[in-house]
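Chemist: Structure incoming, see below.
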Amino acid sequence: MTISNTKTFGYCRVSTTDQNEDRQIKAMLDAGINERDIFIDKCSGKNFDRPQYQVLKLQLREGDILFIKSIDRLGRNYKQICEEWREIVRDIKAHIRVLDMPILDTTRTDGLIGEVISDIVLQLLSYVAEQERAFIKQRQAEGIRIAKEKGKHLGRPALTYPENWEKVYTIWKEGSITARAAMSELKLKPTSFYKLAKNYKMQL
């Protein structure tokens with residue numbers, strides 16, 4: 001069913017501000033989406049409390065099409081993805097097209113059959129994702145157990161005072177050298193230097 005005055009939107013997401021969304025944007029532009037209708041979030045996909053996604057969702061109307069590059073760009077929590085998908089498709093009655101997974105395209109098979117196919121695929125993805133997370137947790141737990149059995153220290157190594165600590169610390173406290181000079185002499189990073197200084201002062 002084609003509804004007049006429908007619009008196409010694109011949604012892109014990267015997890016951090018350091019990551020580049022150019023590849024996703026190019027895919028949206030290649031799909032014919034106007035740049036002003038592409039919404040971009042730079043935050044985690046653990047939930048849908050994302051500013052640009054929420055703005056986009058408010059603009060969706062019946063018959064509109066939402067494009068995403070891949071399903072993980074929509075989110076990481078597949079249970080929530082399923083809930084959002086159903087809300088967009090069933091309640092708002094808009095369409096979704098996942099460019100990297102053509103089977104997830106509600107415009108190809110309209111009506112109940114399209115919904116059923118999408119539900120099956122999303123449920124399968126949800127199951128696979130849950131199993132993968134469980135497998136990762138299992139491997140992490142096994143790795144920790146084996147490391148403990150071998151007597152390995154887990155986590156960051158404990159900070160130790162350099163051999164010349166007392167001499168350099170005393171000169172620094174007297175004001176004869178700067179903190180930067182003291183760090184250089186002790187070969188310590190600022191966080192380590194000030195942490196050791198704090199601990200040392202408490203022991204005096």
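Chemist: Might you check whether a residue that is within 19 Å of M28 (Cβ to Cβ), touching a Pro at 6+ places or on another chain (Cβ under 9 Å), modelled with pLDDT of 90 or more and not in a loop (DSSP other than H, G, I, E, B) occurs anywhere in the range 68-77?
Modeler: no
Chemist: Being more than 21 Å from V14 (Cα to Cα), of a type in the set (V, I, T) and in contact (Cβ under 8 Å) with a residue 12 or more places away in the chain, is that true of even one residue in the range 71-90?
Modeler: Yes, some residue in the range 71-90 is more than 21 Å from V14 (Cα to Cα), of a type in the set (V, I, T) and in contact (Cβ under 8 Å) with a residue 12 or more places away in the chain.
Chemist: Report the residue count in the range 18-60 for those that are touching a helix residue (DSSP H, G or I) at 6+ places or on another chain (Cβ under 7 Å) and either within 17 Å of K93 (Cα to Cα) or among the hydroxyl-bearing types (S, T, Y) (or both).
Modeler: The number of residues fulfilling the criteria is 1.
Chemist: Keeping to the range 36-60, report how many residues are part of a loop (DSSP other than H, G, I, E, B) and of a type outside the set (A, V, I, L, M).
Modeler: 8
Chemist: Might you let me know whether the range 41-63 holds any residue that is within 21 Å of M101 (Cα to Cα) and of a type in the set (A, V, I, L, M)?
Modeler: The answer is no, given that none of the residues of the range 41-63 is within 21 Å of M101 (Cα to Cα) and of a type in the set (A, V, I, L, M).
Chemist: May I ask you to list the residues in the range 163-197 that are surrounded by fewer than 16 Cβ atoms within 10 Å (Cβ to Cβ) and either on the phi > 0 side of the Ramachandran plot or within 35 Å of the chain's Cα centre (by Cα) (or both)?
Modeler: Residues satisfying the conditions are G175, K187, K189, P190, T191, S192, Y194, K195.
Chemist: Here is a further query. Looking at the structure I just gave you, is L29 closer than 17 Å to K7 by Cβ and either at pLDDT 95 or above or in contact with a Lys or Arg (Cβ under 8 Å, 6 or more places away or on another chain) (or both)?
Modeler: Yes.
Chemist: Counting just the residues of the range 78-124 that are polar (S, T, N, Q) and in a helix (DSSP H, G or I), which one comes out modelled with the lowest pLDDT?
Modeler: Looking at residues that are polar (S, T, N, Q) and in a helix (DSSP H, G or I), I get S118.
Chemist: Based on what the data block shows, is Y127 assigned to a helix (DSSP H, G or I), at pLDDT below 90, hydroxyl-bearing (S, T, Y) and within 25 Å of I71 (Cα to Cα)?
Modeler: Yes, satisfied.
The values are calculated or read from the model by the stated rules, or taken from the named source; none is laboratory data. Computed from a prediction, not measured in an experiment: that's the story for all the values here. Cβ coordinates were reconstructed from backbone atoms using ideal geometry, including for glycine residues, and neighbour counts include every protein chain displayed.
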